[in-house]
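Chemist: To start, I am sharing the structure in question, which I have written as structure tokens.
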Amino acid sequence: MYTSLLGHGLGSRTTPRFTVAVLGHGLGPDDRSAFSVSVMERLSAERRRDPSFLESVDIYFDKAASLASTTPDILTQIKACNNILKVQFPLKCANGSVELIEAYRAQHSHHRLPVKGGIRMAPNVDADETMALAALMTFKCAVVDVPFGGAKGGIKIDPTKYSINEKEAIIRRYTSELVKKNFIGPSIDVPAPDYGTGPQEMAWIKDTFEHLQPNDINGSACVTGKPLEEGGIMGRQEATGLGVFFCLREFLNDKASLGKMVIVQGFGNVGRHTIDSIHGAGGKIIAIAEANGGLVDESMEGLDIPALKAYHKKKGTITGFPGATTVKNSAGILELPCDVLIPAALESQIHSGNAGNIKAKVIAEAANGPVTPSAETILEANNVVILPDLLLNAGGVTVSYFEWLKNLNHIHFGRMSRRMEERGKKVRKLSTACSHLLDTDGKGCNFRTAAYLIAIERIATCYRLSGIFP
Ligand code: NAD
């Protein structure tokens, strides 16, 4: 199966530039060499092993920082995670037992307020992962010029193992902990959905916050990604996936990704809506990898997505879908030949162990941090173009920004006109960010480093102009 590479040329815009040239700017020679030494140390370390997610974000940051015109003191401030909150609280389980739940909220940068970032529920949540995700939010917001600092939350549970009532209790107690510690509020810190959470969890957060802070007239703006009836905005649920599609279309420099063979990892919120948009535009989804197995379309004509969605809705899984071959080893799906591979599940999925086997021509990072630095080195040597998470999955926070503004405005706009208007603004924001990134093509760094560089320069300006309190 899939023994030959598919013949689909990429536009010239996607030609990677991998020579590393230091752009001339404001660091003194000593400062610069200090930074270079630390970058070199990290680069050689990265060849020996896959760094952790947090180390990976630091490595990507350092690569860009070594090219920035920013002074080392400001770079140090930008890189650091400002606050990390760990809470532990008891949950009374349905069977009468009591379980201790561990959860986090990291606020990476307060250069813009409020800080913003999703809340994840997953068994592997820890402080480092939460800080890595919060840092990505800081840089992502800066790349798309959305005026938020970066944050992220995590609750260390497997949500599939808890009843709906237990999940509600966990979310409400977590929210109350955030309120007590001043880690949530429309002007302070505004969560959103992420891995394992969705509109229902956001509705519970809003309700809990409004109960605990009844005098805050802007209470509904304490969280985004809410159901429409609870102050949400049309299009938020599909926003991240749609954003992945918009960016992919810009980078591939074709009108609608027509005819591209695409493989997606993850059939959750981001994966599903990415698949929908690509399928709607004529792209062919030839395989999907899920946590419990995957689907491969042997005909390579592209999966019947409406039929698959109906099957998934009924069965709660994609495996066993009659229109495709079910495979147990979903990790192997990432290594099948295709034009575009879209990891839309979790971080570090493409690592030093499988990067050499990847046959895709383009990797579009819908998930946060799916490619480790060691994998990136291997992929670049094989001329695989990586479109970075900082831009690709920024559609969600961009639409969240409009939801937050809508809540603060206290006005209920006509739904259709508003939807079209917001969608138009979102497309403009993302396409402006894509253009900035494409403009950096040829300046001697890859798209990820360019995205970090754009973010660093913007945040640095903010730090410099704000000065230091007191
Ligand atoms: P989700 O929980 O809705 O879906 C994730 C899916 O990935 C699930 O279906 C799960 O079964 C699958 N999965 C988990 N491990 C897997 C594996 N090893 N192989 C294959 N599939 C696997 O989560 P989501 O909201 O779609 O988030 C996915 C990624 O996108 C995360 O990295 C998240 O941080 C990022 N992201 C999400 C949003 C958002 O708006 N939800 C915004 C920006 C970035």
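Chemist: In the range 82-230, carbon and sulfur make up what percent of the accessible area (probe 1.4 Å)?
Modeler: 49
Chemist: Same structure, new question: Counting only heavy atoms of protein chains, what accessible area per residue, in Å², does the range 231-290 have with a probe of 1.4 Å?
Modeler: 27
Chemist: Let me ask another. Give me the 1.4 Å probe accessible area per residue for the range 82-230, excluding ligands and nucleic acids, in Å².
Modeler: Value returned for the range 82-230: 37 Å² of accessible area per residue.
Chemist: Wrap a convex hull around the Cα atoms of the range 82-230, take a quarter of its surface area, and give that in square nanometres.
Modeler: 8.5
Chemist: How much of the accessible area of the range 276-345, in percent, comes from carbon and sulfur atoms when a 1.4 Å probe is used?
Modeler: About 52 percent, which is the carbon plus sulfur part of the accessible surface.
Chemist: DSSP beta bridges in the range 89-222, what fraction antiparallel, as a percent rounded to 5?
Modeler: If we restrict to bridges inside the range 89-222, about 50 percent are antiparallel.
Chemist: Hey, another quick one. Using a 7 Å offset from the Cα along the Cα-to-Cβ direction at both T432 and K180, what is the distance between the two label points in nm, to one decimal?
Modeler: For T432 paired with K180, the spin-label model returns 4.2 nm.
Chemist: For C338, what charge total do you get from the other residues with a beta carbon under 13 Å from its beta carbon, if Lys and Arg give +1 and Asp and Glu give -1? Working shown, then result.
Modeler: Values: positive: K260, K284, K359, K361; negative: D297, E335, D339.
Residues near C338 contribute +1 overall.
Chemist: Along the range 262-272, what does the Karplus equation 6.51 cos²θ - 1.76 cosθ + 1.60 (θ = phi - 60°) give for ³J(HN,Hα), rounded to whole Hz, x for Gly and Pro?
Modeler: 10, 10, 10, 9, x, 10, x, 4, 5, x, 4
Chemist: State the extension gain, in nm to one decimal, for the chain segment bounded by M300 and D73, taking 0.36 nm per residue of separation less the distance between their alpha-carbons.
Modeler: 76.5 nm
Chemist: First select every other residue whose beta carbon is under 10 angstrom from the beta carbon of K284; then total the charges, Lys and Arg +1, Asp and Glu -1.
Modeler: With Lys, Arg at +1 and Asp, Glu at -1, the net is -2.
Chemist: Might you tell me the accessible area per residue for the range 330-413, computed with a 1.4 Å probe and given in Å²?
Modeler: Ligands and nucleic acids excluded, the figure is 25 Å² per residue.
Chemist: Could you order peptides 260-267, 343-350 by the average number of other Cβ atoms within 10 Å of their residues, highest first? Don't skip to the end; give the middle numbers.
Modeler: Values: 260-267: 26.0, 343-350: 23.8.
Taking the mean over residues of other Cβ atoms within 10 Å, the ranking is 260-267, 343-350.
Chemist: Give me, ordered by chain and number, the residues 5 or more places off V115 or on other chains with an amide H under 5 Å from its own placed amide H.
Modeler: G149, D189, V190
Chemist: Let me ask something additional. Contour minus end-to-end for A310 and L465, with contour as 0.36 nm per residue of separation and end-to-end as the Cα-Cα distance?
Modeler: 50.5 nm
Chemist: So which of K284/K315; K140/K309; K116/K313; K260/K309 end up more than 27 Å apart by C-alpha?
Modeler: Table pairs above 27 Å Cα-Cα are K140/K309; K116/K313.
The values are calculated or read from the model by the stated rules, or taken from the named source; none is laboratory data. Nothing here was measured: the structure is a model prediction, and the numbers come from that model. Using ideal geometry, Cβ is built from the backbone for each residue, glycine included, and neighbour counts are taken over all protein chains shown. Areas reflect the complete protein model, heavy atoms only, side chains present, ligands, DNA and RNA absent. Shrake-Rupley method; radii C 1.70, N 1.55, O 1.52, S 1.80 Å.
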